[in-house]
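A.B. asks: Below you will find the structure I want to go over with you.
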Amino acid sequence: MQEIGHFIGGKKVAGTSGRFADVFNPATGEVQARVALATDAELAAAVENAKSAQPQWAAMNPQRRARVFMNFVALLNKHMDELAEMLSREHGKTIEDSKGDIIRGLEVCEFVIGIPHLQKSEFTEGAGPGIDMYSIRQPVGIGAGITPFNFPAMIPMWMFAPAIACGNAFILKPSERDPSVPIRLAELMIEAGLPEGVLNVVNGDKQAVDAILTHPDIGGVSFVGSTPIARYVYGTAASNGKRAQCFGGAKNHMIIMPDADMDQAANALMGAGYGSAGERCMAISVAVPVGEETANKLIEKLTPMVESLRIGPYTDEKADLGPLVTRDAYNRVKGLVDRGVEEGAKLVVDGRDFKLQGYENGNFIGGCLFDDVTPDMDIYKTEIFGPVLSVVRAKNYEEALSLPMKHEYGNGVAIYTRDGDAARDFASRINIGMVGVNVPIPVPLAYHSFGGWKASSFGDLNQHGTDSIKFWTRTKTITSRWPSGIKDGAEFVMPTMK
Ligand code: NAD
């Protein structure tokens, strides 16, 4: 059986803990590999490597650092098919969707090629007599990233690309479910010219995460995953004196106004609700049609579309979506659909009994569509993370707006309308981090920042965009006075610009 270890000091190393987690093939349910779970000592060894490599890396001029990312982007393109295959094999998503996962990470690597400009400092000449004042952005030192299973290429790159471009060394702790791609990315970074030890990958579970959160030499932690763990990582990192940005779960709504183009809205809901089997933090899981007529039209359009979804393994080029990542995930999603039925929601399309011939032990579940869901139901409150769309009918715009406003999560939201006034009012009043107007999955591009509000995010700086440069650097402000020959006496009062 294939054994996946760690990547420390520029090479693959085997795990020494004797503890492993199974890595499954989601389409067949078979165990296809096992991944080592690191001890505190293994994490400490990675930090030692990072610590010795970081000062030289930070001292390298920013154009040279940028060139590593130029080479890396070229290597990602060269190895796109190999990486997508590797990703789909462990995650289960379709090959095209895996390419999307890789490309959204690659785009952040392209963004950080601008690091010479992005990391430039501020300078004030003549802030006082002979006095110049400037602020520089220095790396935090060693950064760490803890990532979820659902984007095993994109999210690691969202973290390590800006951190490393800013001159940090980095420890990545990927998800135990799909650990192969992150290790391959680290190998490609070395091939691109990154010095050994600057990027290390340590596989593991809670023990490795806790070792990161308490290690005195790690200055910043970026986390993406479920909300309870995000909250825990944020609190623990902060109480250990680290800066932290932690992104959690979601329940993204899409409001469909009566004037919306219904074909466009239905297509958007299909892609955003069922793509990647709903295992996206920006998936739309709640549709809110405004008015009975809009709701009836929407259900009429969606029903045949959900019934005819093509579900298959990643080797099926025509599949719209693949299986869920693990049997546990399958049981959880199926249990929540059962719960919705018990709670009295109307299950218009029931995908629970879906079976794929030849893949009977795979984690496949058919698309499910609920109507008449109400805000008190568990299926409305909980992030399902499966191919399940809930329709909550709203009488008018204000009622529709109030639903995402009152929800615990605040990652993404969308409105479908032809009315500019309504769209503008919605974008202005909604208390959610990423808003789409006639765009179902409003994931900002690499040069803007990504992050939710409320229980979807802890910490004040987002991922990628200029926020990421701020997160992975510390500001140092220098006040200098030349010529030193100016003579004045001792000053005992606070100097001001009076
Ligand atoms: P998860 O919270 O189970 O795991 C995320 C990471 O935390 C993994 O590396 C895992 O090893 C680690 N972890 C798990 N349990 C831990 C514990 N008790 N203590 C310390 N570390 C622990 O999340 P997941 O199932 O891999 O990913 C799905 C979740 O991620 C969903 O909730 C989804 O919405 C969220 N997500 C959020 C965003 C975002 O940007 N907001 C993006 C992608 C995914």
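A.B. asks: Considering only segment 251-258, I want to know if a residue exists there that is among the polar types (S, T, N, Q) and more than 10 Å from the ligand (Cβ to nearest atom).
C.D. replies: no
A.B. asks: The conditions are (1) on the phi > 0 side of the Ramachandran plot; (2) of a type outside the set (D, E, K, R); (3) touching a helix residue (DSSP H, G or I) at 6+ places or on another chain (Cβ under 7 Å), and GLY130 fails exactly one of them. Which is it?
C.D. replies: With (1) on the phi > 0 side of the Ramachandran plot; (2) of a type outside the set (D, E, K, R); (3) touching a helix residue (DSSP H, G or I) at 6+ places or on another chain (Cβ under 7 Å) applied to GLY130, the lone miss is (3).
A.B. asks: Out of curiosity, is SER239 in contact with an Asp or Glu (Cβ under 8 Å, 6 or more places away or on another chain) and within 16 Å of the ligand (Cβ to nearest atom)?
C.D. replies: no
A.B. asks: Where in segment 87-184 are the strands (runs of 3 or more DSSP E), entirely inside, with at least 2 residues that are modelled with pLDDT of 95 or more and within 16 Å of the ligand (Cβ to nearest atom)?
C.D. replies: Hits in segment 87-184: 142-146, 169-173.
A.B. asks: So how many residues does segment 282-317 have that are assigned to a loop (DSSP other than H, G, I, E, B), under 30 Å from the mean Cα position of the chain (by Cα) and not aliphatic (A, V, I, L, M)?
C.D. replies: 8
A.B. asks: Here's a check for you: in segment 191-226, which residue that is away from the ligand (no atom under 11 Å from the Cβ) and out of contact with any helix residue (DSSP H, G or I) (no Cβ under 8 Å at 6 or more places or on another chain) is most open to solvent (accessible area, probe 1.4 Å)?
C.D. replies: PRO216
A.B. asks: Follow-up. Could you list, in sequence order, all residues of segment 60-73 that are in contact (Cβ under 8 Å) with a residue 12 or more places away in the chain and part of a helix (DSSP H, G or I)?
C.D. replies: Once the filter is applied, which keeps residues that are in contact (Cβ under 8 Å) with a residue 12 or more places away in the chain and part of a helix (DSSP H, G or I), segment 60-73 yields PRO62, GLN63, ARG65, ALA66, ARG67, VAL68, PHE69, MET70, ASN71, PHE72, VAL73.
A.B. asks: Quick test of your reading of the structure: TYR234 fulfils all but one of (1) more than 19 Å from GLY105 (Cβ to Cβ); (2) away from the ligand (no atom under 12 Å from the Cβ). Name the failing condition by number.
C.D. replies: Failing condition for TYR234: (2).
A.B. asks: Quick one: which residue in ALA38, ALA33 is within 24 Å of the chain's Cα centre (by Cα), small (Gly, Ala, Ser) and either closer than 30 Å to ILE136 by Cβ or not in a helix (DSSP H, G or I) (or both)?
C.D. replies: Every option except ALA38 fails the conditions.
The values are calculated or read from the model by the stated rules, or taken from the named source; none is laboratory data. Bear in mind that the values here come from a model prediction, so they are computed numbers and not experimental data. Backbone-built Cβ (ideal geometry, glycine too); neighbour counts: all protein chains shown. Note: areas computed on protein heavy atoms with side chains; ligands, DNA, RNA excluded. Shrake-Rupley method; radii C 1.70, N 1.55, O 1.52, S 1.80 Å.
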